[in-house]
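The values are calculated or read from the model by the stated rules, or taken from the named source; none is laboratory data. Please read these numbers as outputs of a predicted model, since none were measured by experiment. Here the Cβ is made from the backbone with ideal geometry for all residues, glycine too, and neighbour counts use every protein chain on show.
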Amino acid sequence: MPKRRYVDLHVRVTNEGDAPRLLIKMAKHLGFSLIALSFDDLRKLGDLKDVKDYARDLGIDVAIRVDLRPSSLNELKGYLRKLRRSVEIIGVYCRDISVARTAARDRRVDVTFYDPENVLSILDEGQLSLLAESGHYVEVNLVDFLHTTPDKQAKALWSYGLVLKRVTRRGIPTLISSGASKIIDMRAPRELYALAFLLLDEKALAREAVSTKPMGLVRLNREKLSPTFIQPGVKVVNEW
């Protein structure tokens, strides 16, 4: 049986966080096969070749992700037009209902993630129906449970535990990521799995949330970015 490959699909590159090379080195040390480095400052997307080359030399795969935190629907749509062919993963932070609904309808979005304080109100039946139709992934970030009070941690665990039951019933895939921007907040695969099991209450789903689900998403999107791609399972072999 092949060794399971673990993925952290949300390692954030920020001005206040650690440098990309340090994040990559820590991810390799923790035992990940693939991480997605996410950028919310689009000007930082210019140095990607050096970052990927460094990761390749270390023996870890790096996907490039952009996190969108739009202040308006027009801003969201503009970013999606501009970025879909430039990055491997697009995530949208759904801070309110209007952004969440637009992101859920748009198939250019891969992942939606939420504030634990309002996730119950935004991930309602209407949002779940749209996500199920579009094939999006719902992501929970471990960093949301760090650096906060025990009361807020307990509330976040309760809220996500409740909402992920609805997500699972609809067949919407769940991802558990670190959401870390500093190495001190990064966690090993077994710790992400522990959170996944706590929230999903099923071993198979928990394992998939930190391995095969994020790995499959990256593979599919890389296939879509190929110039020979037509649709899933169909590609150009020879051109006349």
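Among the residues of segment 43-55, are any β-branched (Val, Ile, Thr), within 18 Å of Ile24 (Cβ to Cβ) and in contact with a strand residue (DSSP E or B) (Cβ under 6 Å, 6 or more places away or on another chain)? So that I can check it myself, show each step before the final result.
Residues of segment 43-55 that are β-branched (Val, Ile, Thr), as a first pass: 51.
Remaining after also requiring within 18 Å of Ile24 (Cβ to Cβ): 51.
From what is left, the residues that are in contact with a strand residue (DSSP E or B) (Cβ under 6 Å, 6 or more places away or on another chain) are none.
For segment 43-55, residues β-branched (Val, Ile, Thr), within 18 Å of Ile24 (Cβ to Cβ) and in contact with a strand residue (DSSP E or B) (Cβ under 6 Å, 6 or more places away or on another chain): absent.
When you look at Arg85, is it on the phi < 0 side of the Ramachandran plot and touching a residue at least 60 places away in the same chain (Cβ under 8 Å), yes or no? Lay out the reasoning, then the answer.
Values: on the phi < 0 side of the Ramachandran plot: yes; touching a residue at least 60 places away in the same chain (Cβ under 8 Å): yes.
Answer is yes for this residue.
Quick one: count up the residues across segment 140-182 that are outside any helix (DSSP H, G or I), touching a residue at least 40 places away in the same chain (Cβ under 8 Å) and in contact with a helix residue (DSSP H, G or I) (Cβ under 9 Å, 6 or more places away or on another chain).
Going through segment 140-182 one residue at a time, the tally reaches 11.
Can you spot a residue in segment 123-138 that is of a type in the set (A, V, I, L, M), in contact with a Cys (Cβ under 9 Å, 6 or more places away or on another chain) and within 20 Å of Ile64 (Cα to Cα)?
no
Can you find a residue in segment 102-114 that is in contact with a strand residue (DSSP E or B) (Cβ under 6 Å, 6 or more places away or on another chain) and acidic (Asp, Glu)?
Yes, segment 102-114 has at least one match.
Going by the conditions given, is Asp185 without any contact (Cβ under 8 Å) to a residue 24 or more places away in the chain, surrounded by fewer than 21 Cβ atoms within 10 Å (Cβ to Cβ) and of a type in the set (D, E, K, R)?
no
For the condition touching a residue at least 60 places away in the same chain (Cβ under 8 Å) and surrounded by fewer than 17 Cβ atoms within 10 Å (Cβ to Cβ), what is the one hit in Leu220, Leu198, Leu225, Leu192?
Criteria check complete, one pass: Leu225.
Could you say which residue among Val99, Val51, Val111, Val140 is at pLDDT below 95, among the β-branched types (Val, Ile, Thr) and either over 20 Å from Ser181 (Cα atoms) or under 15 Å from the mean Cα position of the chain (by Cα) (or both)? If you could, list the steps in order and put the result at the bottom.
Working: Val51 fails: either over 20 Å from Ser181 (Cα atoms) or under 15 Å from the mean Cα position of the chain (by Cα) (or both); Val111 fails: at pLDDT below 95; Val140 fails: at pLDDT below 95.
After applying the criteria, what remains is Val99.
In segment 158-182, which residues are out of contact with any strand residue (DSSP E or B) (no Cβ under 8 Å at 6 or more places or on another chain), polar (S, T, N, Q) and either buried (at least 21 other Cβ atoms within 10 Å of the Cβ) or over 26 Å from Gly135 (Cβ atoms) (or both)?
Result: no residue meets the conditions.
Step by step: first the residues of segment 80-124, then only those that are among the polar types (S, T, N, Q) and not in a helix (DSSP H, G or I), then the one that is farthest from Val167 (Cα to Cα). Which residue is that? Show your work before the answer.
In the first step, residues of segment 80-124 are kept if they are among the polar types (S, T, N, Q); the result is 86, 98, 102, 112, 118, 121.
From the residues that got through so far, the ones that are not in a helix (DSSP H, G or I) too are 86, 112, 118.
Numbers: Ser86: 29, Thr112: 12, Asn118: 16 Å.
The residue in question is Ser86.
Taking Val87 and the conditions (1) among the hydrophobic types (A, V, I, L, M, F, W, C); (2) more than 15 Å from Asp40 (Cβ to Cβ); (3) surrounded by 19 or more Cβ atoms within 10 Å (Cβ to Cβ), which numbered condition does it fall short on, given that it satisfies the others?
Tallying (1) among the hydrophobic types (A, V, I, L, M, F, W, C); (2) more than 15 Å from Asp40 (Cβ to Cβ); (3) surrounded by 19 or more Cβ atoms within 10 Å (Cβ to Cβ), Val87 fails exactly one: (2).
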